Amino acid sequence: MTITFADRRAIGMITPSSNTVLEPVTTAMLAGLPEVSAHFARFRVLEISMQDRALGQFSLEPMLEAARLLADAKVRTIAWNGTSSAWLGFDKDAALCRAIEAETGIAAASSVLALNEILELTKVEKLGLVTPYLTDIQERIIANYASIGIEVVAERHLDDRGNWSFATYDEATVASLVREVAAARPEAITVLCTNFRGAPTVAKLEAELGLPVYDSIATTVWQSLRMAGIDPHRVAGWGSLFELA
């Protein structure tokens, strides 16, 4: 298949500065789509906690500046490839997406808003939650999902303030947490963190457990492709998410 310049589809990702997982995983997911390329702009994120210094990392202007830089590359979509609104409130990502679209004229998405759309599409009301986060972050996430009618029936977290350190946990560690959560038989499990090695384990875990597993990097790719007019079904080997209509 010959890909011409006119065929090409560039998608943009706003990326936490200390994240070392999402870029290689995203690139691997897109390997079978020769016309699609992912491009990344960073802003500073060094810690995930409820401390003021950590919460302040997710202010609007640094994220908008990253979006402006991505717009220079003429990307088709811009996605916030991070999960902060899961504890800060889903309205934060909705406002961010509106601001990106107003600033750049480019369609915007986020990992968490994509996950929420997936949970709505698949009618999930009982969710399993796996993260590397601190306990108070985890509690905020659970409360925010309860506010939209989704009960977290089982959870595991590593009580780590990260962010860089999240990437040091291997795939086997993440898979073990997912298996523990699966014992409660939720309707779906989410691995919620874009610097955590969940995505490469998803297809194997789904086959083993008989449950859908939605990883944050994967939800970002899924939504970005849809918004760029590309069929997500073309992403093979990364779990049932990419089989959704």
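The figures follow:
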| read-out | value |
| --- | --- |
| Long-range neighbours under 9 Å by Cβ, at least six apart or interchain, first residue within 10 Å of Leu64 (Cβ to Cβ) within the range 95-108, second of a type in the set (Phe, Trp, Tyr) | Leu96/Phe58; Leu96/Trp80; Ile100/Trp80 |
| Identity of the residue in the range 175-196, in contact (Cβ under 8 Å) with a residue 24 or more places away in the chain and hydroxyl-bearing (Ser, Thr, Tyr), that ends up nearest to Glu139 (Cα to Cα) | Thr190 |
| From the options Leu192, Leu225, residue that is within 18 Å of the chain's Cα centre (by Cα) and outside the structural domain of Val130 (by TED's automatic domain parsing) | Leu225 |
| Filter result (assigned to a helix (DSSP H, G or I) and over 18 Å from the mean Cα position of the chain (by Cα)) within the range 207-222 | Ala207, Glu208, Leu209 |
| Residues (under 23 Å from Arg76 (Cβ atoms) and exposed (fewer than 14 other Cβ atoms within 10 Å of the Cβ)) located in the range 28-59 | Ala31, Gly32, Pro34 |
| Residue that is farthest from Phe166 (Cα to Cα), among those in the range 44-60 that are assigned to a helix (DSSP H, G or I) and among the aliphatic types (A, V, I, L, M) | Leu60 |
| Only one of Thr15, Thr77 that is surrounded by 17 or more Cβ atoms within 10 Å (Cβ to Cβ), among the polar types (S, T, N, Q), touching a residue at least 60 places away in the same chain (Cβ under 8 Å) and more than 25 Å from Ala167 (Cα to Cα) | Thr77 |
| Set Ala199, Ala218, Ala172: member being without any contact (Cβ under 8 Å) to a residue 12 or more places away in the chain and either closer than 30 Å to Met50 by Cα or touching an Asp or Glu at 6+ places or on another chain (Cβ under 7 Å) (or both) | Ala172 |
| Candidate set: the range 80-105, residues that are in contact with a strand residue (DSSP E or B) (Cβ under 6 Å, 6 or more places away or on another chain) and either hydroxyl-bearing (Ser, Thr, Tyr) or more than 17 Å from Phe40 (Cβ to Cβ) (or both); chosen: the one surrounded by the fewest Cβ atoms within 10 Å (Cβ to Cβ) | Glu101 |
| For Thr83: the one exception among (1) outside the structural domain of Ala66 (by TED's automatic domain parsing); (2) within 21 Å of Glu180 (Cβ to Cβ) | (1) |
| Qualifying residue in the range 178-186 (condition: within 26 Å of Ala109 (Cβ to Cβ) and surrounded by fewer than 24 Cβ atoms within 10 Å (Cβ to Cβ)) | yes |
| Residue among Ala108, Ala146 that alone is surrounded by 22 or more Cβ atoms within 10 Å (Cβ to Cβ), at pLDDT 95 or above and small (Gly, Ala, Ser) | Ala108 |
| Check on Thr201, farther than 20 Å from Ser37 by Cα, assigned to a strand (DSSP E or B) and not assigned by TED's automatic domain parsing to the domain that holds Asn19 | no |
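The values are calculated or read from the model by the stated rules, or taken from the named source; none is laboratory data. Not measured: the values here are computed from a predicted model. Counting neighbours? That spans all protein chains shown, and the Cβs are built from the backbone with ideal geometry, glycine included.
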